[in-house]
Amino acid sequence: MPIFLRTLLPITLLVTLTGLVPSVGLAQPAAAIPTSLQVPDGQVLLFRAYAVGTQNYACQTSADGTTTWTFRQPKAVLVSDDGEPLGIHGRGPFWAGYDGSRVVGSAPVSVPSEDPAHDIPWVLLRGTPGDAEGRFANVSYIQRLDTRGGVAPTTPCDPEQQPAVAVPYLAVYHFYGPA
């Protein structure tokens with residue numbers, strides 16, 4: 001089993017068994033979604049998923065010798081409102097269902113989260129589904145809303161001492177398709 005799954009599995013089980021995901025206040029009413037993140041007319045909400053995982057950063061050294069944390073990829077597991085394991089989220093970005101379906105996001109529109117010092121931005125992405133039938137087969141838009149955590153450290157990094165860091169995050173992903 002990949003290391004990130006071994007790390008996230010206990011978190012996912014804890015969240016699922018204790019029912020924390022739906023109760024942490026992650027779901028936002030439509031009025032709270034910024035205008036720039038609204039999906040186009042003719043789209044309907046297919047489902048939503050709670051992501052529990054990490055935003056992963058690498059320590060990069062610039063030409064002038066300064067170092068900074070640079071985003072590499074997300075790694076998360078996805079669960080439904082009732083705690084059902086749905087799939088994973090990773091670099092691309094992609095979302096893949098345990099049923100074999102997947103969607104890749106592109107052309108992001110981003111707005112700061114409610115607490116940008118601690119929480120990654122909210123985004124709207126255009127979805128391109130894969131060929132397999134299943135949960136993600138008809139997804140045309142993805143919203144990432146009500147994020148918690150995931151922001152890169154603000155402290156300098158040292159590529160020799162700590163070349164990478166995984167910052168825990170939670171988010172609600174809303175998946176839309178044609179009406």
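Read the figures in this text as sums done on the coordinates, not as results from a lab. Note that the structure is a prediction, hence the values are computed from the model and not measured. Note that we place each Cβ from the backbone using ideal geometry, even for glycine, and neighbour counts take in every protein chain shown.
So the values come out like this:
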| item | result |
| --- | --- |
| Efficiency of FRET from Cβ geometry, A179 and A117, R₀ 41 Å, rounded to 0.05 | 0.60 |
| Three-way shape call for the stretch 73-114 based on the alpha-carbon gyration tensor, with the a/c threshold at 1.5 | oblate |
| ³J(HN,Hα) computed for each position of the stretch 88-100 - Karplus, 6.51 cos²θ - 1.76 cosθ + 1.60, integer Hz, glycine/proline x | 10, 10, x, 4, x, x, 10, 10, 10, x, 5, 8, x |
| Rounded to whole Hz, the Karplus (6.51, -1.76, 1.60) HN-Hα couplings of the stretch 134-150, x for glycine and proline | x, 4, 8, 5, 10, 6, 10, 9, 10, 10, 10, 10, 6, 6, 9, x, x |
| Potential extension, A63-E133 segment - 0.36 nm per residue separation minus Cα distance | 20.5 nm |
| Sequence-distant residues sharing a close amide H with L86 (under 5 Å, placed H) | L78, V79, S80 |
| Computed label-point distance, nm, for sites Y98 and S36 using a 7 Å Cα→Cβ extension | 3.7 nm |
| Residues whose placed amide H lies under 5 Å from that of S113, excluding near-sequence neighbours | W122 |
| Per-selection Kirkwood Rh - the stretch 71-158 (Cα, Å, 1 d.p.) | 14.1 Å |
| L145, L124 arranged by Cβ crowding within 10 Å, fewest neighbours leading | L145, L124 |
